[in-house]
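Notes follow the structure.
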Amino acid sequence: MAFLLVRVVSEGNWIESLLATIDAWNGKHVVVSPDVDGILSACLICDKFGAKIAGSYDGRFLVVFDGVSASELRDALWLDNDISQPGILCIGQHLL
């Protein structure tokens with residue numbers, strides 16, 4: 001998997017960055033923030049792509065659901081989280 005972190009540098013390219021992130025994702029798992037916008041984002045993405053919620057991350061603690069493996073977490077789309085680790089796909093808002 002190629003490294004991709006969505007960084008919006010201008011207002012005009014955020015849609016392209018978002019679509020590129022989703023295209024790079026395998027569509028299987030998401031990790032969500034445990035707040036309303038994270039959960040709603042997960043509902044939308046899981047409904048659209050048939051993904052499973054693998055866990056929840058609040059910036060300090062990661063809770064893993066249903067025995068999801070480390071490789072599945074690494075390949076997951078992290079929603080409403082800004083993750084700056086190589087290889088992690090995320091759609092966040094706070095660092096943008």
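For the reader, a short list of remarks on this structure follows.
- Segment 35-94, subset in a loop (DSSP other than H, G, I, E, B) and hydroxyl-bearing (Ser, Thr, Tyr), residue farthest from Ala24 (Cα to Cα): Ser69
- Of all residues in segment 55-96, those satisfying the criterion of being small (Gly, Ala, Ser) and touching a residue at least 12 places away in the same chain (Cβ under 8 Å) are Gly55, Ser56, Gly59, Ala76, Ser84, Gly87, Gly92.
- Considering residues of segment 35-93 that are open to solvent by 30 Å² or more (accessible area, probe 1.4 Å) and touching a Gly at 6+ places or on another chain (Cβ under 8 Å) only, the residue modelled with the lowest pLDDT: Asp82
- The set of residues in segment 1-34 that are in contact with a helix residue (DSSP H, G or I) (Cβ under 9 Å, 6 or more places away or on another chain), of a type in the set (D, E, K, R) and modelled with pLDDT under 95 contains only Arg7.
The values are calculated or read from the model by the stated rules, or taken from the named source; none is laboratory data. Predicted, not measured: the structure shown is a model, and the values here were computed from it. Note that each Cβ is placed from the backbone with ideal geometry, even for glycine, and that neighbours are counted across all protein chains shown. All accessible areas refer to the heavy atoms of the entire protein, side chains included, with ligands and DNA or RNA removed. Shrake-Rupley method; radii C 1.70, N 1.55, O 1.52, S 1.80 Å.
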